[in-house]
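Everything below concerns the one structure shown next.
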Amino acid sequence: MGQRVIFSDFLKALAQMTDPRFQRVLWLGIGLTLALLIGMTALFVGAINWLTPDSTTLPFFGEIRWVGEFFSWAAVGIMLIASVFLMVPVASAFTGLFLDDVAAAVEDRHFPRLPPAPRIGMFEALRDSINFFGVLVAVNAVALVLYFFIGPLAPLLFWAVNGYLLGREYFQMAAMRRLGRSGATALRRRHGGQIWLAGILMAIPLTVPLVNLLIPVLGAATFTHLFHRLQARGTGRAG
């Protein structure tokens, strides 16, 4: 399976973005992400206000009354900058709770003869989403340090790292619905190169603001197509 076929899976997923079930998951993920980030900002600013005095006295300057206001605005600025980096991981974590609906929508349209797949339990989906969020943030934090040393090659490292992570997560999710966790892991390991390549295709738009918020839904749909294609090849059916 070459790049052309993987890109075809992506285009099929993109063509289904108007599906109401896709839209529901997309807006749920974005809404919950914004709510969490706004809540975190309010708590952070509140804590800064509580810890910072309204005024202070400095040698040669006397009493300064704008200290509290300065630190409050600084806290808002810090959270806005942090949100740029946290938006996609948080959106991915929240959207991960509902990706089963995206995979089901893909199968209903493109694989209607399949029997319904067992739904992934909410606890299991929550655990996987939290784990993915932690890994995504931790690995990118380490990669962020390396970006300073590799200069113009930083985007390539970003795409490679996030492509691996996205491919691993979304393919595992798609395959688990039909094969279980151990079966999904075995299939993913057999086709690691193709899955990584498809993950890179998902990672490239992560650098585009707003467009990157579509990636969790597009990724789930694309890897559902990819899973069924690889599964069909393994069983001798036409993909």
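The values are calculated or read from the model by the stated rules, or taken from the named source; none is laboratory data. This one's a predicted model, so the numbers in the text were calculated from it and none came from an experiment. Positions of Cβ are generated from backbone atoms using ideal geometry, with glycine treated the same way; all protein chains shown enter the neighbour counts. These area figures cover heavy atoms from the full protein model, side chains too; ligands, DNA and RNA do not enter into them. Shrake-Rupley method; radii C 1.70, N 1.55, O 1.52, S 1.80 Å.
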Compute the Rg/Rh shape ratio of segment 188-237: radius of gyration over Kirkwood radius, all on alpha-carbon atoms.
-> 1.07
Expressed as a whole number of Å, what is the distance separating the alpha-carbon centroids of segment 176-239 and segment 135-173?
-> 17
Sorting TRP196, TRP159, TRP73 by accessible area (1.4 Å probe), largest first, what list results?
-> TRP73, TRP196, TRP159
May I ask you to compute the full-extension gain from SER8 to ARG119, defined as 0.36 nm times their residue separation minus their alpha-carbon distance, rounded to one decimal in nm?
-> 37.3 nm
Can you pull a Stokes-Einstein diffusion coefficient for segment 131-223 at 20 °C (1.002 mPa s), Rh from Kirkwood over Cα pairs, as a whole number of µm²/s?
-> 156
Set the Förster radius R0 to 25 Å, insert the Cβ-Cβ distance between PHE111 and LEU28 as r into 1/(1 + (r/R0)^6), and round the FRET efficiency to 0.05.
-> 0.55
